[in-house]
1. List the trypsin sites (Lys or Arg not before Pro) within region 17-62 that fall in a DSSP loop (any state other than H, G, I, E or B) and whose Cβ has at most 12 other Cβ atoms within 10 Å.
2. Calculate, in nm to one decimal, what THR16 and TYR69 gain on full extension: separation in residues at 0.36 nm each, minus their alpha carbon distance.
3. Compute the length gained on full extension between SER24 and ASP38: take 0.36 nm times their separation in residues and subtract their Cα-Cα distance, giving the result in nm to one decimal.
Amino acid sequence: MTHPRPEKIFHKQANTFEPGWQWSFFGPNYGRLRSIKDKYDPEGLLWCPQCVGGEDWVQREDGRLCEAYKPFGAR
């Protein structure tokens, strides 16, 4: 395996630590997209950190997913 060359790096990759990523990635469409996600994937089977609904899960160091803490009465 060769090491990646700096001139071949893809610079438009999403920052996994982007604060407010929902707005940065989806803008005013996030609420509507979230409604669609909840309708067609109510169990949250389709997941990635910056996907719609990704904030509902936390990835542990071993790679497993755990439901994120939700205060009483939260969605």
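1. On the way: sites: ARG32, ARG34, LYS37, LYS39, ARG60; in loops: ARG60.
For trypsin sites (Lys or Arg not before Pro) across region 17-62 that sit outside H, G, I, E and B with at most 12 neighbouring Cβ atoms in 10 Å, the list reads ARG60.
2. Details: separation 53, 0.36 × 53 = 19.08 nm, distance 1.94 nm.
Value of the extension gain: 17.1 nm.
3. Working: separation 14, 0.36 × 14 = 5.04 nm, distance 2.05 nm.
Full extension from SER24 to ASP38 adds 3.0 nm.
Read the figures in this text as sums done on the coordinates, not as results from a lab. Note that this is a predicted model, so its numbers are computed, not measured. Counting neighbours? That spans all protein chains shown, and the Cβs are built from the backbone with ideal geometry, glycine included.
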